[in-house]
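What follows is one structure encoded as structure tokens, with my remarks underneath.
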Amino acid sequence: MADPSSYRPKPGQIPDSPGVYKFRDEHRRVIYVGKAKSLRQRLANYFQPLTSLHPRTATMVTTAASVEWTVVATEVEALQLEYSWIKEFDPRFNVKYRDDKSYPYLAVTMNEEFPRVQVMRGAKKKGVRYFGPYGHAWAIRETVDLMLRVFPVRTCSAGVFKRSAQIGRPCLLGYIGKCAAPCVGRVTPEEHRELAEDFCDFMAGRTGTYLRRIEQQMMAAAEDMEYERAARLRDDIEALRKALEKNAIVFNDATDADLIAVAEDELEAAVQIFHVRGGRVRGQRGWVTDKVEAVDTAGLVEHALQQLYGEETGDSVPKEVLVPALPEDADAVSGWLASRRGSNVSLRIPQRGDKKALMVTVARNAQQALALHKTKRASDLTTRSRALEEIAAALDLDSAPLRIECFDISHLQGDDVVASMVVFEDGLARKSEYRRFQIKGRVGDTQIWHGEGQDDVRSMHEVISRRFRRYLAEKVRTGEWAEEESQEGAEVIGAEPGGLPAAVSGEVSALQEEDGRPKRFAYPPQLLVVDGGQPQVAAAKRALDELGIDDIAVCGLAKRLEEVWVPEEDDPVVLPRSSEGLYLLQRVRDEAHRFAITYQRAKRTKRFKAGPLDAVPGLGDTRKQALIKHFGSVKKLRSATIDEICEVPGIGRKTAETLAAALAEAVPAAPAVNTATGEIIEEDDGGSTS
């Protein structure tokens, strides 16, 4: 625990101007990012006596080891820079909202020649129009099914579209009138794009004009006695009205607004957003967060606005944003929103009328979301805290293990041996720091075994050694390897003069310059968990001892009876089956197993699919595809001359000679046989046949 006075800036050193500041811990990782109108006044608040600080703020300043700041010209620039740094560094003491589900959107791929209407989840893509989010994917599909009658836009996948174009026959939707069938040329690309744009306009809320236009066409068709066309237009109007009925009317003045409500307690907060377009609720989403920093409702609203609109531009940012409390600097936030939209944005608290009534509904949804989140055992903050305390008590640790790393070995009968490392911080998975290892049978430059066969113990020793060599290399680079540590480490096998293990010194030059981002292996755990029993635990402990590391606790979780093994103990620690600590260790172990076996299967699949071209050094995927496209198959490529190979774009003579030699040495696979007919299947598909 650091003393804040040890890194407090000198009086007058902090400028009295807008800016953004970063607190870093002893490992130089950014743990908190904030902004201020006046850096001098804001930072002074952090260096008060600890008893006068909020407990969460006190925890942050005692975890930190340094503070730095960047001066900007305006408060809007400070808001933009704060958002960028929070996204880049992922500080552990900043409020970070996480979606309570992956919401589906109705998307129109306007970036394609023939735009497609489909359901999409995840990150938004450039050139795609999004509508929503919606609560359920089936709600999107029902709406689309109604609207395809009027706007017969393509909904098929690229494979179906290509297949229909090849055979010259549209799919079922083309026959029943719910697709304009651009695949077979019934409409031109321009006509189909116009259909997609009309679809987007209708979904964006411009419905009145379109409905009136269809009604006029229906009346004109009836006057001309084109009764069949009039009946079809009548049915189109009915279908569009049914689609509109699926979105409740909340405002009569075609308002475009987002309503944000917050429900909170001492530990957590939930945010709900209703997206209103054209006076109708077009989408809803929600977030939940742990209150890891001292923040009030206004601060939660500001963080929500940053996350909601940080990546949005144009009409995705509405003209009006209604909130339960205004951020501390509402003018700066309004200016930032206006810069994202390209025009003025009204940020205010609704006081009366329909908007106030709808805000009550949004707040009720936020309360329900928070209550539901509280019932989720794995995400409950109180339960996680109790689990960490139980683990600390069972393993006799000085404090709760806020960072846990777990390692697992995976192989298939001794082949494709791999390892995984998963990280849990504060009881939650931190997937950005997961790592995968290929077992090499060596530590540093020393061959310790051949890397073959089913030896999980030696594999565990290798992977622990490799992980913590990088950790020590980072300590050396930042000057944290103290003189006394060097003396203690002098007897480590392979140590260089000065006490630094020889295996570590080679790692230092490979590390990048420190910039505060979470590094690959630069942050140590308080607890190291291995998947296995006493032998695996002993191997992990031996690897740490060889590197001179004695401040990291080690344990193993055996699958047979879920026993917890600790080093140099003949008997395991048995936690009660109902223990939250055991439940957390099981989740960590199971996640490491899942991550390892996923990597092992992918590696095995890649090996099975490998062909003769994969063995040619310097031949990447692009040039392999070019070769197969030019010759048609590996069989024809094998019979080609060097001059013929050189005709392929990107293939030089030296590469062609290497390729010809490699193919000549490779033994062709036995021909595939159709077991039903006995027919020999020729190798002509360009696949990875060996």
message: Let me confirm something: among Leu372, Leu326, Leu308, which residue is within 28 Å of Glu82 (Cα to Cα), open to solvent by 50 Å² or more (accessible area, probe 1.4 Å) and among the hydrophobic types (A, V, I, L, M, F, W, C)?
response: Leu326
query: How many residues does the stretch 311-323 hold that are assigned to a helix (DSSP H, G or I), open to solvent by less than 30 Å² (accessible area, probe 1.4 Å) and within 11 Å of Arg277 (Cα to Cα)?
result: 0
statement: Flagged in the stretch 153-212 as free of Cβ contacts under 8 Å to residues at least 24 places away in the same chain, in a loop (DSSP other than H, G, I, E, B), of a type in the set (S, T, N, Q) and touching a helix residue (DSSP H, G or I) at 6+ places or on another chain (Cβ under 7 Å), in numbering order, are none
message: Of the residues Asp329, Asp296, Asp315, only one is in contact with a helix residue (DSSP H, G or I) (Cβ under 6 Å, 6 or more places away or on another chain) and not hydrophobic (A, V, I, L, M, F, W, C); which?
response: Asp329
query: Quick check: is even one residue across the stretch 234-243 within 30 Å of Gln367 (Cα to Cα) and either modelled with pLDDT under 75 or hydroxyl-bearing (Ser, Thr, Tyr) (or both)?
result: yes
task: Look through Ala332, Ala338 and report the one residue that is open to solvent by less than 30 Å² (accessible area, probe 1.4 Å), closer than 25 Å to Thr74 by Cβ, in contact (Cβ under 8 Å) with a residue 12 or more places away in the chain and assigned to a helix (DSSP H, G or I).
output: Ala332
field: Candidates Cys183, Cys200, filtered to the one that is modelled with pLDDT of 90 or more, open to solvent by less than 30 Å² (accessible area, probe 1.4 Å) and more than 20 Å from Arg232 (Cα to Cα)
entry: Cys183
- prompt: Taking the stated definitions as given, is Lys35 at negative phi, touching a Ser or Thr at 6+ places or on another chain (Cβ under 7 Å) and open to solvent by 30 Å² or more (accessible area, probe 1.4 Å)?
  reply: no
- prompt: Is at least one residue of the stretch 638-646 at pLDDT below 80, in a helix (DSSP H, G or I), under 16 Å from Pro612 (Cβ atoms) and open to solvent by less than 50 Å² (accessible area, probe 1.4 Å)?
  reply: no
- line: When the stretch 166-180 is checked residue by residue, the ones that are open to solvent by 50 Å² or more (accessible area, probe 1.4 Å) and among the small types (Gly, Ala, Ser) are Gly168
- request: Kindly establish whether Ala44 is open to solvent by less than 30 Å² (accessible area, probe 1.4 Å) and not in a loop (DSSP other than H, G, I, E, B).
  value: no
task: Of the numbered conditions (1) in a helix (DSSP H, G or I); (2) open to solvent by less than 30 Å² (accessible area, probe 1.4 Å); (3) touching a Phe, Trp or Tyr at 6+ places or on another chain (Cβ under 6 Å); (4) of a type in the set (D, E, K, R), Glu293 fails exactly one; give the number of that condition.
output: (1)
query: Which condition breaks for Ala231 when tested against (1) closer than 25 Å to Ala107 by Cβ; (2) modelled with pLDDT of 80 or more; (3) of a type in the set (Gly, Ala, Ser)?
result: (1)
message: Return the residues of the stretch 325-354 that are at pLDDT below 85 and either closer than 19 Å to Gly278 by Cα or in contact with a strand residue (DSSP E or B) (Cβ under 8 Å, 6 or more places away or on another chain) (or both); say none if nothing qualifies.
response: Gly353, Asp354
statement: Of those in the stretch 587-614 that are over 30 Å from Leu557 (Cβ atoms) and aliphatic (A, V, I, L, M), the residue modelled with the lowest pLDDT is Ala610
message: Take the residues in the stretch 387-427 that are at pLDDT 85 or above, of a type in the set (D, E, K, R) and open to solvent by 30 Å² or more (accessible area, probe 1.4 Å); name whichever of them is farthest from Asp590 (Cα to Cα).
response: Asp396
- prompt: Restricting attention to the stretch 296-305, which residues are open to solvent by less than 30 Å² (accessible area, probe 1.4 Å) and of a type in the set (Asp, Glu)?
  reply: Glu302
Flag if Val150 is at pLDDT 80 or above and open to solvent by less than 30 Å² (accessible area, probe 1.4 Å): no
statement: Reported set for the stretch 428-437 where residues are open to solvent by 50 Å² or more (accessible area, probe 1.4 Å), modelled with pLDDT of 85 or more and assigned to a helix (DSSP H, G or I) is Lys431
task: Select, from Val61, Val71, the only residue that is in contact with a Pro (Cβ under 6 Å, 6 or more places away or on another chain) and open to solvent by 70 Å² or more (accessible area, probe 1.4 Å).
output: Val71
query: Given the structure, is Gly548 open to solvent by 40 Å² or more (accessible area, probe 1.4 Å), modelled with pLDDT of 80 or more, in contact with a helix residue (DSSP H, G or I) (Cβ under 9 Å, 6 or more places away or on another chain) and closer than 25 Å to Arg403 by Cα?
result: yes
- request: Looking only at the stretch 60-69, decide whether some residue is within 18 Å of Gly299 (Cβ to Cβ) and without any contact (Cβ under 8 Å) to a residue 60 or more places away in the chain.
  value: yes
- line: Of the residues in the stretch 259-280, those that are open to solvent by 30 Å² or more (accessible area, probe 1.4 Å) and either more than 13 Å from Gly299 (Cα to Cα) or assigned to a loop (DSSP other than H, G, I, E, B) (or both) number 5
task: Evaluate the following for Arg24: is it within 17 Å of Thr289 (Cβ to Cβ), touching a residue at least 24 places away in the same chain (Cβ under 8 Å) and either open to solvent by 20 Å² or more (accessible area, probe 1.4 Å) or in contact with a strand residue (DSSP E or B) (Cβ under 6 Å, 6 or more places away or on another chain) (or both)?
output: no
- line: Quick count over the stretch 647-657, residues being assigned to a helix (DSSP H, G or I) and either open to solvent by less than 30 Å² (accessible area, probe 1.4 Å) or closer than 11 Å to Leu619 by Cα (or both), is 2
query: Given the conditions (1) in a helix (DSSP H, G or I); (2) open to solvent by 30 Å² or more (accessible area, probe 1.4 Å); (3) at pLDDT below 80; (4) over 30 Å from Ala539 (Cα atoms), which single one is not true for Pro617?
result: (1)
- line: Within the stretch 253-282, the residues that are within 23 Å of Val95 (Cβ to Cβ) and of a type outside the set (A, V, I, L, M, F, W, C) are Asp258, Glu264, Asp265, Glu266, Glu268, Gln272, His275
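The values are calculated or read from the model by the stated rules, or taken from the named source; none is laboratory data. What you are looking at is a predicted structure, and each value in this text was computed from that prediction instead of being measured. A quick note on method: Cβ atoms are made from the backbone with ideal geometry, for glycine too, and the neighbour counts reach across all protein chains shown. Quick note on the areas: whole protein, heavy atoms, side chains included, nothing else; ligands and nucleic acids left out. Shrake-Rupley method; radii C 1.70, N 1.55, O 1.52, S 1.80 Å.
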